[in-house]
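Everything on this sheet refers to the single structure shown next.
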Amino acid sequence: METNEYQPDWEVYFCQIEHNPAFIGVDLNLQKMAPVETQNKVIEVTVPLASPGEDGFPAESEWEALGQIEDALADTLETNLEAVFVGKTLNAGLRKFYFYAEEVLLAEHYLSQVRESFPGYQFEADIWEDPEWETYLEFLFPEPMDLQKIRNGKVLRQLEENGDNPAISRQVTHFVYFQDEASREKFWAGISAQGYQKVEERFDPDSEETPYILQVARETTTEQEAINEVVLSLWHLAQQYNAAYDGWETSIETGDAAS
């Protein structure tokens, strides 16, 4: 895979793996090119935590070492095997790293080199063929609802970086795309009594599958819980009408919140 101009987009989200709380980190941008035909084998590296808590997550003092292990694994496998680092999981006292590679005969050799630098940790490697990238696409990549939460988080970080005060209530505008006008009307009927204003509705012939667009707005804060509640409510309703929720936007408010 050509990586000279590739820009990864790493995000972390919370979920459950085998009924245990878990965090999954994944490079979202790889979805655009998956599966990569030449990188058709998975290298899964499992590192048991040195001091997991009752929740299966590491103590604060262990994060630095785990970060160093991650950097060493990525550098070694990417350099020597041209492997692609696609994701990582953290749950049940285990940190797992996932790579795709074409040639894996020397994988254990290079992993042993990394292992020598971290005598306090054990490394276990499993390798299997995965030409369809199912490990990445079906296990690591977030479900649609989790992906929407991630997108919400991206917007919230941009607002924060620009000095936004999330406690200030303001108009938040949402965009939904429909396959037909009837679905758009039913969707609006379902939310019109919830304080939403209809900003615009229009037809976009360039959007072949969902050309009927509805733009609505409602006043809310940009606190994460409030945003997720509003957005996921609209997202779920859009699914009922085979519509596409296409995100939200708002103003940057830097004053003090009203008491």
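Only the coordinates and a few stated rules stand behind these numbers; no lab work does. Small disclaimer: the values here were computed from a predicted structure and weren't measured. We place every Cβ from the backbone using ideal geometry, glycine too, and count neighbours over all the protein chains shown.
Amide H of residue 221 versus every other amide H placed in the peptide plane: which residues, excluding those fewer than 5 positions away on the same chain, fall under 5 Å? Residues meeting the criterion, in which the H sits 1.01 Å from N, are 170. Given contacts defined as C-alpha pairs under 8 Å and at least six residues apart, what's the relative contact order of the range 141-240, whole-number percent? Relative contact order, the range 141-240: 35 percent. Of the peptides 73-84, 161-172, the ranking by mean beta-carbon count within 10 Å, highest at the top, reads 73-84, 161-172.
When the chain is treated as a GNM with alpha-carbon contacts under 10 Å, the residue of 90, 159, 106 showing the greatest mean-square fluctuation is 106. When only Cα pairs below 8 angstrom with a gap of at least 6 residues are kept, the chain shows a relative contact order of 19 percent.
Using a simple spin-label model with pseudo-atoms 7 Å out from Cα toward Cβ, residue 157 and residue 19 lie 3.4 nm apart. Divide the volume of the convex hull around the Cα atoms of the range 1-134 by the residue count and you get 111 Å³ per residue. Separation of the alpha carbons by more than 24 angstrom is noted, of 88/154; 32/88; 154/186; 41/154; 41/149, for 154/186; 41/154; 41/149. Compactness of the range 68-171 is given as radius of gyration and Dmax, 18.5, 58 Å, from Cα positions.
Would you indicate which of (1) 118; (2) 175; (3) 204 is the value of volume of the Cα convex hull per residue in Å³ derived from the coordinates of this structure? Computed from these coordinates, volume of the Cα convex hull per residue in Å³ corresponds to label (2). Net charge in the neighbourhood of residue 150 (other residues with Cβ under 14 Å of its Cβ; Lys, Arg +1, Asp, Glu -1) is -1.
Of 189, 66, 215, which is farthest along the charge dipole of the chain in the positive direction, counting Lys and Arg as +1 and Asp and Glu as -1 at C-beta? Of 189, 66, 215, it is 189.
Net charge in the neighbourhood of residue 122 (other residues with Cβ under 15 Å of its Cβ; Lys, Arg +1, Asp, Glu -1) is -3. Count Lys and Arg as plus one, Asp and Glu as minus one, and take only other residues whose Cβ is under 13 Å from that of residue 215; the net charge is then -1. Decide, for the range 144-250, between rounded, prolate and oblate: order the square roots of the alpha carbon gyration tensor eigenvalues as a ≥ b ≥ c, take rounded if a/c falls under 1.5, and otherwise choose prolate if a/b is larger than b/c, else oblate. Prolate, since a/c reaches 1.5 and a/b exceeds b/c.
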